[in-house]
Structure formats: C-alpha cells, structure tokens
Amino acid sequence: MRVLGIETSCDETAAAVVTETGQVLSDVVKSQIALHAPYGGVVPEIASRDHARAVVPVIREALAGAGMGPDDVDGVAVTVRPGLLGALLVGLSAAKGLAWSTGKPLVGVDHLVGHLLAVFLQRGAEPGAVPEYPFVALLASGGHTALYRVDGPSIGAIRELGATRDDAAGEAFDKVAKLLGLGYPGGPVVDRLAAGGHAERAREALPRPMAGKTSLEFSFSGVKSAVARHVAGLGRPPEGEALADLCAAFQSTVVETLVEKTARAAREEGLTRVVLAGGVAANRGLRARMGEVCKKRGLSLFVPPIASCTDNAAMIAYVGAQRLVSGEVDGMDLSPSTKTALPRITKKGGGPR
Ligand code: KG4
Ligand code: ZN
C-alpha cells in the first residue's frame, strides 16, 4: 500500500509517499521559517497564505519523487488536528480534491499521533531499529510537550501520562532565544551555543522546573521567566562566554526535567522501551542525556532521525496507512480542529503542582 500524506498544520507545507510498513518513498518539506522569522513566531494568516501557494507544487514533487501519478496512490492521508485552523484547511481541501478526483480513500490524521509513530519510518536501505508496542514516548515540540503510553497505532491505544501545564519545551527554547536576541526558531541556536558553555557557571540564575517528585506534568514558564529576570538584571542579553553559559544552564535544566520524567513514566508503567518524538528531540543535549539515563536504568531508547522528529508528512502518511489497513476511512465531511483527539489529563494554566 502506498499512501500520500499531506501536512499543513503549522509552518511547514509537506507531502510524502509512505508504505504501510513505514518505507518512505518520498518526503518533501517546505519550511516557512524565513517568512515568520521577522515576527519572532508563526503568524497564522501568513501561514495559511503560504500553504495555499505551496501545497500543490509540494504534492506534485512528492508524487514525482516516488515515481507516481495521483492515480497510483492507494489513499490520501491528511493532518486534520491539532493546528492552526486556516492552515489545516488548506491541506484538507487539497486532500479532499485529490481523493474526490481519483476515487481514492481519504483518512484524517492527528498530528500528535504522527509524531508518536514517526519512529516507525524507514528512510534508508538499511532497516532502522523500531520498538515493539507498548512503549513510553516523550513528545516535545514547539506546540506540545507530553508523555504518552503507546499500546498500538490507533488513537484508542494511546494514553497521555502527563503534559505541560504552560509552555511547550520548544516554545520555551524559542522564547528564551528571543529574550537573548538569538532569532527564531530558537531551539537550534540555543543548542549550538549550549554546546560551548558551562551550565554550572550560570545554574544559580535558574530554578528547576516542576522538580516535584511524583508528577509527570511539566512546566517551563518559570525557567523562561528566570531567564527574563536575569537579562533584565543585566540590562541587556549577556554575550560571549556568559551567553553560552546561560544557554547551557537553560538547556540542561529543561533536558534534566524531560529525561527524569520520561524515565519515571517508564518505571511507573512498567515499560522498558522509550521513544523520542517532536522537534525538540533534535536537541543534542537531550539525545545525549536521554541515552545515558536510559542505559543506566536498563531502558531501550529509540530516537528517530531528525527528519522524522521535526514536522513532516511522512509520519502523517504512515498513520494514514495504519488507519486504512484497519479498514478505516473518512468521508468528505471530514473537518479540521485546533485540538488533538488524544484524551488529555493535564490541566493547562494550572501552574506547577
Ligand atoms: O515538531 P516541530 O518541528 O514543530 C511542531 O510541531 O511544533 O518542532 C519545532 C520546535 C521549535 O520550537 C524548535 O525551536 C524546536 O522544535 N527545536 C529544537 C531544536 N531543533 C528544533 N529545540 C531544541 N534543540 C534543537 N536542536
Ligand atoms: Zn509537530
């Protein structure tokens, strides 16, 4: 089965062709980062307009890359939630048009399920290591940060164990980068600067977020505010070594919490397999520290390649293929939503517990 996936939930226009076993036949991602960078974050109207311009060429490129025409696909999968409504509508309209004109089945996909199952994508000739179900997954991106227990590839088999009560981890990286005058998106820049800094030299400036022993929930607004206070105290962002040290301290604070809670979730669920997902999984500090801690605690860690962690349509096509294999299909009344379909247990905006 070869499924075309379409993704337009935020600031990437993406299309890909993937088989039900996860083999990636093509994968096209057109980023809008340069368009949003002057504003320091994603501007929804600019996102929708650029998706509208890009979606057809990106789909064409993905089909051509797989050596296929629209009639050769076995189904059309599209992100329908969560995301920016206008942005989602662009991909959904394109998917409906294609499915209608070719008579192929249409399936809607939850973007978060896409991230959680991206570990199953096979991008090279060599088969990559994939986990067996069930596993614990840490999903950390610009819009979401949560721990899940994943028992299978469908929504009903995925349970949230704890999520952030305020900012997502990637959002915290982006906001801190903005405070430090480092541009947008901040994650990669902070990651790079942190590699040359010494966390312990700036540690006292920052609290440990949600250090509570039992909760699997996260909170990153405190550490972000601490960076803001630190910068305000200095009168301007630090430079040189001091900047690298502050980036290192911020990153290690965030990474420690993510790693600690992921390992605790695995222990509480009695699971030994851990999966990383989402754009923040590109962070070198997180990858390294998660590796160390998992090794020490006898956990098997599965980290997808970076192209599978950041937003892409291959993960959407893969989840769509799983739905089609199970006999599920959506109708032309399929509509987008800003909210995930995964059950949520964390109270947003409640502050640290
Ligand atoms: O998954 P993703 O591509 O898009 C969303 O669904 O949000 O994640 C983007 C987020 C951004 O906040 C970006 O700053 C962060 O992932 N990110 C990183 C790194 N690379 C991307 N954060 C920390 N370190 C990185 N190397
Ligand atoms: Zn995402």
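Every number in this text was worked out from the coordinates using simple rules, so none of it is lab data. Treat the numbers as computed from the prediction; the structure is a model and nothing was measured. Cβ atoms come from the backbone with ideal geometry, glycine included; neighbour counts cover every protein chain shown.
In table form, for the structure just shown:
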item: Distance between modelled label sites at E260 and Y39, nm, 7 Å Cα→Cβ extension; result: 3.7
item: Long-range HN-HN contacts of F218 with modeled amide H, under 5 Å; result: A163, T164, R165
item: Spacing of the two label points (7 Å from each Cα toward its C-beta) at R297 and T214, in nm; result: 1.8
item: Karplus-derived 3J(HN,Hα), 6.51/-1.76/1.60, for each residue of region 119-131, Hz, glycine and proline x; result: 4, 8, 5, 10, 9, x, 5, 6, x, x, 5, 10, x
item: Whole-angstrom Cα spans of region 123-174 along principal axes, big to small; result: 37, 27, 14
item: Stretchable slack from R49 to L334, in nm (0.36 nm times residue separation minus alpha-carbon distance); result: 100.5 nm
item: Rg/Rh ratio calculated on Cα atoms of region 143-213 (Kirkwood radius); result: 1.08
item: Sorted by Cβ density within 10 Å, fewest first, the residues K296, K104; result: K296, K104
item: 5 angstrom amide H check on Q23, placed H, neighbours 5+ away; result: Q122
item: Too-long pairs where the Cα-Cα distance tops 27 Å, listed order kept, from K175/K295; K96/K348; K261/K295; K261/K339; K224/K295; result: K175/K295; K96/K348; K224/K295
item: Calculated from backbone phi, Karplus (6.51, -1.76, 1.60) coupling profile of region 315-329 in Hz, x at Gly/Pro; result: 5, 6, 4, 4, 5, x, 4, 4, 5, 5, 4, 7, x, 8, 8
item: Fraction in percent of alpha-carbon pairs per bin - 20 Å, the chain; result: 32, 57, 12, 0
item: Extension gain (nm, one decimal) between R267 and I155, 0.36 nm per residue minus Cα-Cα; result: 38.0 nm
item: Likely footprinting exposure, C294, C247, C309, fewest C-beta neighbours within 10 Å first; result: C294, C309, C247
item: Stretch gain in nm, segment R203-A242, where the contour uses 0.36 nm per residue and the Cα spacing is subtracted; result: 12.9 nm
item: Order of H36, H51, H144, H198 under a 10 Å beta carbon neighbour criterion, fewest first; result: H198, H36, H144, H51
item: Anisotropy class of region 9-52 from Cα gyration tensor, a/c 1.5 cut; result: prolate
item: Karplus (6.51, -1.76, 1.60) ³J(HN,Hα), θ = phi - 60°, over region 103-112, in Hz, Gly and Pro reported as x; result: x, 8, x, 10, 10, x, 10, 7, 4, 5
item: Shape call, region 248-353: gyration tensor on alpha carbons, a/c limit 1.5; result: prolate
item: Three-way shape call for region 71-177 based on the alpha-carbon gyration tensor, with the a/c threshold at 1.5; result: oblate
item: When the convex hull of its Cα atoms is projected in every direction, mean area for region 178-323 (nm²); result: 10.0
